[in-house]
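No value in this document is a laboratory result; all are computed from the given coordinates. Everything numeric in this text was worked out from a predicted model, so none of it was measured. Cβ placement follows ideal geometry from the backbone for every residue including glycine, while neighbour counts extend to all protein chains displayed.
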Amino acid sequence: MTAVAVRVLEKVGALLQPEAGPPLEDAATLRFETADVGGAAIDKIGVPLPPGLLKKAQSADAVLLGAVGGPKWDHLLHARRPEQALLGLRSGLKLFANLRPVRLFGALAEASSLKLEVVEGMDILVVRELTGGIYFGKPRGIRVKGVRGKVGYNTELYSTEEIERIGKVAFEAARGRRKKVTSVDKANILESSILWREVIARLGKKYPDVMLEHMYVDNCAMQLIRNPRQFDVIVTGNLFGDILSDEAAMLTGSIGMLPSASLGGRNNRWGFPAGLYEPVHGSAPDIAGKGLANPCAAVLSSALLARHSLGREEIARKIESAVQMALDQGLRTADLGGNASTGTMERAILERL
């Protein structure tokens, strides 16, 4: 999937270069470096995040990441499993904001698990806090407790600063959309959510042009199925965002259509946020090497890369339009109920660029 996305970026970059003469100042000159990470790195050197890889990622303008895990490595200790590479990259790059656009392509309306009249026109942006909460809180662990066996424990932890910075991302994003933010928490149960709601409510007063509503996470899960079009921007913590964004993904017909962008405060050499871009879907080892997987999520992730880390909106729009055109022509991979191969979908996207 990553290789397909790279070829799309290379193609659209070449199209913006003049046929003769010196390169345009604003032409897209792209250079790629590749590295093994996650399961591939474990197989080669025994660790999910090889020494030096984080430093290489930190020096890049952006990182395009493929799915890293699979059941093959489930037997490993927690600290050596493939997912630790992803967490290490997010933490090392200080990527605190995960953006997951959930948009229903018109051509795929029939592929959604919900009725057309429920999902038609749906366009949601899930803004998930990425470096705090229960995934990173301490203390955590598994310990023996008396004669009854073991006890596992994790800590849900959020600070005012962490909540404010993710809230600002959500409110700023809403200003460029339909000007509505839904903050999702569990403030009727969790102290961390009580603080979350307090901070978001206070921050919302600085954005009088944006409507703010608060919603409990269980209600939000229900509302996404009942009436997803009521949402514009959803902002929430790490654990809730992980679950809700995957639920929202299925409303589009397939998780194989969902890209994501993870952004932080560090700017790249062009003055735009350096980020990590990856499809929402996993590695699907059951179909690996068969040419059946849907490359659209990886390709659309490359569009987000162009938009957020390169500041090239026109490149992002070209890529997104090419995917839209391929779908409008009736091409469908197996996850969408069709029989188009990965290569067929790639060629269609490249041709339509």
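The table for this structure:
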| item | result |
| --- | --- |
| Globularity ratio of the range 57-164, using Cα Rg and 2.2 N^0.38 Å | 1.48 |
| Spherically averaged projected area in nm², based on the convex hull that wraps the Cα atoms of the chain | 20.0 |
| Sites Ile243 and Thr29 - FRET efficiency at Förster radius 35 Å, r taken between beta-carbons, to 0.05 | 0.30 |
| Cross-link pairs beyond the 32 Å C-alpha cut-off, checked among Lys179/Lys290; Lys56/Lys318; Lys94/Lys290; Lys206/Lys318; Lys55/Lys150; Lys72/Lys186 | Lys179/Lys290; Lys94/Lys290; Lys206/Lys318; Lys55/Lys150; Lys72/Lys186 |
| Residues with amide H under 5 Å from that of Val126, placed H, sequence gap 5 or more | Arg100, Val102, Ile234 |
| Difference of contour (0.36 nm per residue) and Cα-Cα distance, Arg140 to Leu77 | 21.2 nm |
| Sparse-neighbourhood loop sites, GluC sites (Glu not before Pro) in the range 283-353 - DSSP loop, at most 12 other Cβ within 10 angstrom | none |
| Summed side-chain charge close to Val235 - residues other than Val235 whose Cβ falls under 13 Å, Lys, Arg +1, Asp, Glu -1 | 0 |
| Span per principal axis, largest first, for the Cα atoms of the range 123-250 (Å) | 57, 32, 23 |
| In the range 30-125, trypsin sites (Lys or Arg not before Pro) in a DSSP loop with at most 10 other beta-carbon atoms within 10 Å | Arg31, Lys115 |
| Three-way shape label, the range 283-337, alpha-carbon gyration tensor, a/c 1.5 | oblate |
| Centroid-to-centroid separation of the range 38-52 and the range 110-132 [C-alpha atoms, Å] | 34 |
| Computed label-point distance, nm, for sites Lys150 and Arg317 using a 7 Å Cα→Cβ extension | 5.4 |
| Antiparallel bridges, percent of DSSP beta bridges restricted to the chain (to nearest 5) | 55 |
| Highest-fluctuation residue, Leu87, Leu77, Leu190 considered, GNM on the chain with Cα pairs under 10 Å | Leu77 |
| GluC sites (Glu not before Pro) restricted to DSSP loop in the range 101-135 with at most 13 other C-beta within 10 Å | Glu120 |
| Virtual paramagnetic centre 7 Å along Cα→Cβ of Glu120, amide N under 18 Å, in the range 322-347 | 328 |
